[in-house]
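Student: Before I ask anything, let me first share the structure, which is written out below as structure tokens.
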Amino acid sequence: MNFNYDVLVIGGGHAGCEAATAAANMGAKTCLITMDMNKIGQMSCNPAVGGIAKGQIVREIDALGGQMGLVTDATAIQFRMLNRSKGPAVWSPRAQCDRGKFIWQWRKVLDNTPNLDIFQDEAEELLVDEKTKAVIGVRTIWGIEFHAKAVIVTAGTFLNGLMHIGHKKVEGGRCAEPAVHNFSESIARWGVRVGRMKTGTPVRIDKRSVHFEDMEPQPGENDFHQFSFMGPHRALPQLPCWTCSTNEEVHEILRADLANSPLFNGQIQSTGPRYCPSIETKLVTFPDRNSHPLFLEPEGTETNEMYLNGFSSSMPWETQLKAIHKIPALRDAKIYRPGYAIEYDYFDPTQLKHSLESKVIGGLFLAGQVNGTTGYEEAGGQGTAAGINAALFCGGSEPFNMHRDESYIGVLIDDLTTKGVDEPYRMFTSRAEYRILLRQDDADARLTEKSYKLGLATRERYDWWLEKKENIDRIEEFCKTTDVTPTEINGFLESAGTSPIKGRTKISDLLSRPQVNLKTLTELVPSLKEILNSPKNRREEIAEAVEVRIKYKGYIERERVFADKMHRLENIKIKGHFNYSEMHDLSTECRQKLERIQPETIAQASRIPGVSPSDINVLLVLMGR
């Protein structure tokens, strides 16, 4: 067996799986090193993919040629499109998945990826050439040395992981799995900054002990929407989720034992995720709230295990169980395990280039929670980018960087590398200034052609996009050039509460009205129905894309103008041009931030907290702009 590779990927979670398949599919000889081959792609917390802005990231991974969307569709047991009451810029797909089947679907993908080997072992030391300060490989706990041109670290919560339940502390990367020691230290000794963060997970409940009659069902949706632009539609049985809430009795039990909470007695010093707080944090943060919503979600089609979303906790297990029993629907609940918190190492992402390669150690790429993020989707997006760039690095090619107007993955990476993190980073649509350009429906339009040119998206995927694009353009042109008459349409317009037309009017003009949609018009205009039925694949998806483009044309064009203006600043390279510590025309904070982060461009510098518009003007003047 040959232990020499182009790319080594350390960790078989969501970032690692995407990184390994991306690098291998681009032709790099790749090895994925994971502690347990039977837990590849494990959903350590909620067995769900997607959500607000996260769903957009998954569609971007799919558009690039990644796998998360395909794996999710194959194992989804409930699908919903969130934010339907708002505009399409923030529509976000989300799917509950079968946890076990998700793992084995990922394993199937990895086992059938050319150029990819899997090795079950634990990385103990990063091997670095002392002269070049570039990676040369990894040594494992069994003393095996793997050598590679690039190493991608995607170790999740395993680096010096420490779990907490009440006063009890146990080392581990997640429940029943060991922590990884020494590996963080082998990276930090080269000057990479290391910090600590915290996350947590809720109690798991036996559904046979639940009184579902005291809960409200939350069914999924069964329309055409899914994650992958190419894969087959959902095949597994679709299951409901259930809702209930905490009450004052629950709160009294938890408040009475806050002194034994690791979050409030000083046992945990690190920072947890602001937007996914524990139940005890909710009580302290919102003391006037009498209840908090909870969601009981299935873990799979063939298991009794259910996930109590909204009840993340590290309180003593007895306190957790006592509080849960005060919820009517869970008064007789049996649990599989209590919730727990976990602390782990992460690396300062401002020491990364936009390619996710380290600025300190050449050929070292970092992706996922080790960069201070939280969430499978954020990890998968970073893994895809790191895998692409590691393969390009091995081939001596320029890195592939996505701008903020091209993808949420681009926003994520820019935020991490420019602003850094002081708490686990979670993506939201509000983090993107070009939301109308970054919709879930057009991820393939933004990214598939770029990915095909890189060599990641397959010819099949590219041809699929070309066919879809041709159909969208053809139908949109039909709507722009085809008239309808008052006789055909006025009866509907009046019933819909919008003004009738006085003469022949283009279909596109009618669609710009909020009361009018394409589906209704197809029943009134036979020629429109005929052209909408002409595509061979994904007719509904194509029709939705056409309608969004027509209805929001003005907003899309306006945002594109803003994005193009910012591109001018993205094109002004400043790295290596200045010794910021000697530039006294800049504010002290600005000098310190620029010296530490070393931004690539003027645009990136403008997004660094503490760098003011006047500081940017100074840099522009010095650049002769």
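Student: Add +1 for every Lys or Arg and -1 for every Asp or Glu among the other residues with Cβ under 12 Å from the Cβ of Ile327, and state the total.
Tutor: Here the charged neighbours net out to -1.
Student: Note down the relative contact order for segment 504-625 as a percent, whole number, built from C-alpha pairs under 8 angstrom at least six residues apart. Mind dumping the intermediate values first?
Tutor: Working: 82 pairs, mean separation 22.5, N = 122.
It rounds to 18 percent for segment 504-625.
Student: Place +1 on the Cβ of every Lys and Arg and -1 on the Cβ of every Asp and Glu in the chain, take the dipole about the Cα centre, and give the residue among Tyr346, Met623, Ser184 whose Cα lies farthest towards its positive end.
Tutor: Final value for the positive-end residue is Met623.
Student: For segment 92-140, run through the trypsin sites (Lys or Arg not before Pro) and keep only the ones in DSSP coil with at most 14 other Cβ atoms within 10 Å of their Cβ.
Tutor: Lys131
Student: Sort the following peptides by mean Cβ neighbour count (other Cβ atoms within 10 Å, averaged over residues), highest first: 489-499, 148-158.
Tutor: So the order, starting with the most tightly packed, is 148-158, 489-499.
Student: Among 501-507, 463-469, 162-168, 198-204, what's the highest-first ranking by average C-beta atoms within 10 angstrom per residue?
Tutor: Per-residue Cβ counts within 10 Å, averaged per peptide and sorted highest first, yield 198-204, 162-168, 463-469, 501-507.
Student: For Leu366, list long-range residues whose amide hydrogen, built 1.01 Å from N in the peptide plane, is under 5 Å from its own amide hydrogen.
Tutor: Here the answer is Val153, Ser358, since their amide H atoms fall under 5 Å of that of Leu366.
Student: Now for a separate question. When the accessible area of the chain is computed with all protein chains present and a 1.4 Å probe, what percentage of it is carbon and sulfur?
Tutor: Result for the chain: 50 percent of the exposed heavy-atom area is carbon or sulfur.
Student: Only residues of segment 404-427 count here: report those whose backbone N is under 17 Å from the spot 7 Å along Cα→Cβ of Lys565, or say none.
Tutor: Once the point is set 7 Å along Cα→Cβ of Lys565, 404-405 turn out to lie under 17 Å by backbone N, inside segment 404-427.
Student: How do His181, His354, His577 rank by accessible surface area computed with a 1.4 Å probe, from largest to smallest?
Tutor: His577, His181, His354
Student: Leaving out same-chain residues fewer than 8 places away, which lysines sit with a Cα under 21 Å from that of Lys480?
Tutor: Partners found: Lys468, Lys469, Lys502, Lys506, Lys519, Lys529, Lys551, Lys553.
Student: Let me ask something additional. Give the lysines whose C-alpha is closer than 17 Å to that of Lys334, dropping any in the same chain fewer than 8 places away, or say none.
Tutor: Lys207, Lys322, Lys326
Student: Probe of 1.4 angstrom, ligands and nucleic acids ignored: what's the accessible area per residue over the chain, in square angstrom?
Tutor: On the way: 25400 Å² over 625 residues.
Dividing the accessible area of the chain by its residue count gives 41 Å².
The values are calculated or read from the model by the stated rules, or taken from the named source; none is laboratory data. Everything numeric here is computed off the predicted structure, so don't read it as measured data. So basically every Cβ, Gly included, is an ideal-geometry build from the backbone, and we count neighbours across all protein chains shown. Just the protein is used for accessible areas: all its heavy atoms, side chains included, with ligands, DNA and RNA removed. Shrake-Rupley method; radii C 1.70, N 1.55, O 1.52, S 1.80 Å.
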